[in-house]
1. Filter the range 45-58 down to residues that are closer than 12 Å to Ala121 by Cα and in contact (Cβ under 8 Å) with a residue 40 or more places away in the chain and give me whichever is surrounded by the most Cβ atoms within 10 Å (Cβ to Cβ).
2. One residue is enough: does the range 104-116 have a residue meeting the conditions more than 16 Å from the chain's Cα centre (by Cα), loosely packed, with under 11 Cβ neighbours inside 10 Å, on the phi > 0 side of the Ramachandran plot and not aliphatic (A, V, I, L, M)?
3. What tally of residues in the range 60-89 results from selecting those that are open to solvent by 30 Å² or more (accessible area, probe 1.4 Å) and under 14 Å from Gly12 (Cα atoms)?
4. Taking the condition of being of a type in the set (D, E, K, R) and either within 27 Å of Ile91 (Cβ to Cβ) or touching a residue at least 60 places away in the same chain (Cβ under 8 Å) (or both), how many residues in the range 9-31 meet it?
5. If Val33 meets every condition in (1) in contact with a strand residue (DSSP E or B) (Cβ under 7 Å, 6 or more places away or on another chain); (2) open to solvent by 90 Å² or more (accessible area, probe 1.4 Å); (3) not charged (D, E, K, R) apart from one, which number is that one?
Amino acid sequence: MFWIVLAAALIGIDQWTKWFFYTNQAKFENFEVIKDFFYLTYLENRGAAFGILQNYRWVFIALTIAALFLMVWYFIRHSHPLLRTALILLIAGGAGNLIDRILKGYVVDFLHFYPFGYDFAVF
């Protein structure tokens with residue numbers, strides 16, 4: 001029961017942060033958190049990680065559902081607390097992105113890093 005509540009809470013936090021950035025997107029165009037390193041930038045990602053394979057929405061929905069089933073199956077079969085914690089974080093993140101893809105057609109991303117001066121992808 002604990003794990004279900006934790007997953008639901010994490011999915012709720014994920015959806016709330018994405019809603020917050022969506023409703024305040026004008027404020028988050030390279031909003032500086034740590035100068036020359038970390039910014040908050042609103043982005044609608046219609047692809048996979050780092051924006052690759054844009055506009056393959058239904059493929060990503062199907063792959064995410066399959067990955068979620070696999071991770072839940074693995075979660076049920078193993079009881080190691082560290083493994084379960086890692087899996088529940090992945091499951092919650094995947095479920096949050098699945099909700100975005102189904103309801104909006106894209107995933108809201110907002111973490112923007114510039115490690116060593118390199119403009120890394122928003123995720």
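1. Asn45
2. Yes.
3. Looking only at that region, the number is 1.
4. Count: 2.
5. Going through (1) in contact with a strand residue (DSSP E or B) (Cβ under 7 Å, 6 or more places away or on another chain); (2) open to solvent by 90 Å² or more (accessible area, probe 1.4 Å); (3) not charged (D, E, K, R) one by one, Val33 breaks only (2).
The values are calculated or read from the model by the stated rules, or taken from the named source; none is laboratory data. All values derive from a computational prediction rather than experimental measurement. All Cβ positions, even for glycine, are placed from backbone atoms using ideal geometry, and neighbour counts span all protein chains on display. Each accessible area value is taken on the protein alone, full model and side chains, heavy atoms only, with ligands, DNA and RNA left out. Shrake-Rupley method; radii C 1.70, N 1.55, O 1.52, S 1.80 Å.
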